[in-house]
Amino acid sequence: MQQLPLEVRLADHAVFESFYSGSNAAAVHSLQQAALVDTPTVIWIWGAAGQGKSHLLQACTGAAHQQGYSTSYLPLDRSYELPPAVLDGMEELDVLCLDDVHQVAGSDEWERQLFVLFEGIKRRGSRLIISADQAPHQAPIRLPDLASRFTSAITYRLSPLGDQQLLESLQLRATWLGLTLPDETARFLLTRVERQPGSLFPLLDQLDQAALAAQKRLTVPFVKSVLQV
């Protein structure tokens, strides 16, 4: 894992290669380009929880870092209890990814700081990637100047995956872990847990550890024994 400021770390699995694009290929390609090409851009990714926004922002951060760019991934989830001043100087980065910006929307101090950051990034010609649970024009931003800046971003909605896409997404993640996930086992998992990547992938990580310890394949009986169902 790459160490980042504030003890925030990129997850090992959060790379573009382990993300199943499905109908979100345009958004994934745009973030890949933002990581690789030194072109000023502001991208806003939105969608429901568990659709892979954090995965993509971390993947973008990691890919840009590998290219030698100065980067940071900053989750704005309230649980981190970050002060708005954490954004000071971040306009000097080549690539900045702000995750869950809706969590700080409505805070006068945060919005003022975000406006200063946005203007600094535009002046420097850096790349800013933002994730939220709504489109920019729907976000509860109270500062009009900030709201207008955000609505100028290139915007992508992450669409939920269908059943077959979820199955293929699970198998892609399993392959990335060095596992073989048969169709039968994948379908069994889809009937037992919440049908979104945010719930399925941690479960797959658990099964990976169990399979490694027991030297077993991911058959339905083995999965049942691990999950005790």
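Couple of notes before you dig in:
- Here the condition is being in contact (Cβ under 8 Å) with a residue 12 or more places away in the chain, aliphatic (A, V, I, L, M) and not assigned by TED's automatic domain parsing to the domain that holds Q58; of L143, L167, it holds for L167 alone.
- Total residues in the range 119-138 satisfying the condition of being out of contact with any strand residue (DSSP E or B) (no Cβ under 7 Å at 6 or more places or on another chain) and either within 22 Å of L36 (Cα to Cα) or in contact (Cβ under 8 Å) with a residue 40 or more places away in the chain (or both): the figure is 5.
- Complete set of residues in the range 68-95 that are touching a residue at least 40 places away in the same chain (Cβ under 8 Å) and outside any loop (DSSP other than H, G, I, E, B): S72, Y73, L74, P75, Y80, V86, V95
- Residue match in the range 121-129 (condition: in a helix (DSSP H, G or I), at pLDDT below 95 and crowded, with 17+ Cβ neighbours inside 10 Å): no
- Selected residue (criterion: surrounded by the fewest Cβ atoms within 10 Å (Cβ to Cβ)) from residues of the range 140-150 that are within 18 Å of V116 (Cβ to Cβ) and in contact with a helix residue (DSSP H, G or I) (Cβ under 8 Å, 6 or more places away or on another chain): R142
For every residue, the table says whether it meets (1) in the same structural domain as K53 (by TED's automatic domain parsing); (2) surrounded by fewer than 18 Cβ atoms within 10 Å (Cβ to Cβ); (3) free of Cβ contacts under 8 Å to residues at least 12 places away in the same chain.
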position	(1), (2), (3)
S152	yes, yes, no
Q171	no, no, no
A174	no, no, no
E184	no, yes, no
L190	no, yes, no
V193	no, yes, yes
D208	no, yes, no
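- Whenever a residue of the range 12-26 is acidic (D, E), its partners that are surrounded by fewer than 16 Cβ atoms within 10 Å (Cβ to Cβ) and assigned to a loop (DSSP other than H, G, I, E, B), lying with C-beta atoms within less than 9 angstrom and at least six residues away or across chains, give the pairs D12/M1.
- In the range 199-229, residue modelled with the lowest pLDDT [restricted to those that are part of a loop (DSSP other than H, G, I, E, B) and of a type in the set (S, T, N, Q)]: Q228
The values are calculated or read from the model by the stated rules, or taken from the named source; none is laboratory data. These numbers come from a predicted model, not from an experiment. Every residue, glycine as well, gets a Cβ built from its backbone with ideal geometry; the counts of neighbours run over all protein chains shown.
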